[in-house]
Amino acid sequence: MFRLPLLIAIALVIAFGGGIWSTIAALTATTGFGAIRLGAWEAFPQAQTADADPYAKSHRANAGKLLYASAEGLAFTASVDDAGQRLTGECRYSISGQTPAARFWTLFAAAPGAAPPSPAADRPSALNSRNALFREDGSFEIHASQAAAANNWLAVPAGPFRLTLTLLDTPTAGSSGVIDLSMPSIRKIGCGNV
């Protein structure tokens with residue numbers, strides 16, 4: 001007598017639970033479609049525009065992130081170095097080169113899924129084009145590690161982390177020439193005390 005309602009209840013729990021789980025997994029697995037990879041860096045140029053796919057729109061709404069117009073900004077992320085190895089706080093990295101043309105850029109390191117660093121942090125976990133030191137040719141070198149380093153030092157969290165480079169007021173964000181850009185290289189210098 002109670003066997004049929006019990007089977008229906010179990011089927012409904014599995015159906016609704018599986019549907020909710022698969023939706024959450026799809027929304028957290030990706031920022032959207034149309035990714036562009038430039039070395040270790042990855043960007044989603046359409047993710048912030050009116051033409052964004054539904055996954056990108058829901059991802060941005062869920063995170064409460066600021067939306068840029070197509071020519072206002074472009075965010076690149078890197079979770080691996082140029083050799084394809086995952087970025088980890090136990091190692092030291094050199095981020096060097098130049099950014100594409102932009103009026104202003106920011107670079108920060110954060111654990112995957114964590115919030116960007118606080119401006120009141122006691123360690124320099126973010127740099128921007130106004131406080132970074134540049135060479136005469138306009139290039140820079142940033143040392144990313146947990147231990148302090150001279151010149152441009154970016155403090156990274158323990159464990160795996162992701163670099164986010166945001167270009168603001170850049171002509172490259174609204175053009176189709178994004179693939180021809182030259183991005184800074186991310187090179188592993190060493191791990192541990194080596």
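Answer yes or no: is there a residue in region 108-123 that is touching a Leu at 6+ places or on another chain (Cβ under 7 Å) and modelled with pLDDT of 85 or more. Explain how you work it out, then say what you get.
Step one: of region 108-123, the residues touching a Leu at 6+ places or on another chain (Cβ under 7 Å) are 109.
With modelled with pLDDT of 85 or more added as a condition, the list becomes 109.
Yes, that holds for at least one residue.
Restricting to region 131-144, count the residues that are small (G, A, S), at negative phi and assigned to a loop (DSSP other than H, G, I, E, B).
Restricting attention to region 131-144, the residues satisfying the condition of being small (G, A, S) are 132, 138-139, 144.
Next, only the ones that are at negative phi stay: 132, 139, 144.
Still in the list and also assigned to a loop (DSSP other than H, G, I, E, B): 132, 139.
Final tally of qualifying residues: 2.
Tell me which of these A147 doesn't satisfy, since it passes every other one: (1) in contact with a helix residue (DSSP H, G or I) (Cβ under 8 Å, 6 or more places away or on another chain); (2) of a type in the set (A, V, I, L, M); (3) in a loop (DSSP other than H, G, I, E, B).
The one condition A147 does not meet is (1).
Within region 133-146, how many residues are in contact (Cβ under 8 Å) with a residue 24 or more places away in the chain, of a type outside the set (V, I, T) and surrounded by 10 or more Cβ atoms within 10 Å (Cβ to Cβ)?
Filtering region 133-146 down to residues in contact (Cβ under 8 Å) with a residue 24 or more places away in the chain leaves 138-146.
Filter again for of a type outside the set (V, I, T), leaving 138-141, 143-146.
The next check asks that each one be surrounded by 10 or more Cβ atoms within 10 Å (Cβ to Cβ); those that pass are 139-141, 143-146.
Looking only at that region, the number is 7.
Does Q98 fit the bill of being modelled with pLDDT of 90 or more, surrounded by 11 or more Cβ atoms within 10 Å (Cβ to Cβ) and out of contact with any strand residue (DSSP E or B) (no Cβ under 6 Å at 6 or more places or on another chain)? Talk me through it step by step, then tell me what you get.
On the way: modelled with pLDDT of 90 or more: no; surrounded by 11 or more Cβ atoms within 10 Å (Cβ to Cβ): yes; out of contact with any strand residue (DSSP E or B) (no Cβ under 6 Å at 6 or more places or on another chain): yes.
When the stated conditions are applied, Q98 does not pass them.
Please work out if R86 is at pLDDT 90 or above, in contact with a Pro (Cβ under 8 Å, 6 or more places away or on another chain) and surrounded by fewer than 16 Cβ atoms within 10 Å (Cβ to Cβ).
Numbers: at pLDDT 90 or above: yes; in contact with a Pro (Cβ under 8 Å, 6 or more places away or on another chain): yes; surrounded by fewer than 16 Cβ atoms within 10 Å (Cβ to Cβ): yes.
Considered against the rule, which asks whether it is at pLDDT 90 or above, in contact with a Pro (Cβ under 8 Å, 6 or more places away or on another chain) and surrounded by fewer than 16 Cβ atoms within 10 Å (Cβ to Cβ), R86 comes out as yes.
What number of residues in region 150-164 are assigned to a loop (DSSP other than H, G, I, E, B) and surrounded by fewer than 20 Cβ atoms within 10 Å (Cβ to Cβ)?
Our first condition is that a residue be assigned to a loop (DSSP other than H, G, I, E, B); within region 150-164, this holds for 150-151, 156-159, 161.
Filter once more, so that each one left must be surrounded by fewer than 20 Cβ atoms within 10 Å (Cβ to Cβ): 150-151, 157-159.
The qualifying residues number 5.
Just checking, how many residues over region 157-180 are modelled with pLDDT under 90 and more than 15 Å from W105 (Cα to Cα)?
The qualifying residues number 10.
The values are calculated or read from the model by the stated rules, or taken from the named source; none is laboratory data. Since the model is a prediction, treat every value here as computed from it, not as a measurement. So basically every Cβ, Gly included, is an ideal-geometry build from the backbone, and we count neighbours across all protein chains shown.
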